[in-house]
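Each reported figure results from applying straightforward, stated rules to the coordinates on display, with no laboratory input. Just so it is clear, the structure is predicted and the values come from calculations on it, not from any experiment. Neighbour counts run over all protein chains shown; Cβ positions are idealised from the backbone, glycine included.
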Amino acid sequence: MPKKARELSALDVKRLEHPTHKTRNATFAVGGVSGLLLQISPNGAKSWVLRCKIGERRRELGLGAYPDVPLANAREKAREAREAIEAGID
């Protein structure tokens, strides 16, 4: 059985920082919607990403930048994208 990510609050998301020992983008599961991640670049820029499988390929769909797209809106966009994928819309 897959592990479920703990649902982070808006304050938890705001406090997340990039680990200083990594030179690549870091991703953090925020919970609420399967595959919804907060991606943080080494310079501190944050963006929402939805990791999903479309057909036989794994894709990462960009959902917008944080804080322009708050946590609640990111979860709603992720749900809508998942529904579209299930309906066969790429």
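Couple of notes before you dig in:
- Across region 10-86, Cα pairs under 8 Å and at least six residues apart give a relative contact order of 22 percent.
- Over all directions, the projected convex hull of the C-alpha atoms in the chain averages 6.6 nm² in area.
- When the chain is treated as a GNM with alpha-carbon contacts under 10 Å, the residue of A45, A29, A78 showing the greatest mean-square fluctuation is A45.
- Only lysine pairs 8 or more places apart, or on different chains, with alpha-carbon atoms under 21 angstrom apart are counted in the chain, and they number 10.
- Between 0 and 90°, nearest 10: helix 71-86 axis offset from the chain longest Cα axis: 30
- Label-to-label distance, R24 versus A10, with points set 7 angstrom from Cα along the beta-carbon direction: 3.3 nm.
- Calculated on alpha-carbon atoms, Rg and Dmax of region 46-90 in Å: 10.8, 32
- Ordered by the number of other Cβ atoms lying within 10 Å of each residue's own Cβ, fewest first, R15, R59, R75 fall into the sequence R15, R59, R75.
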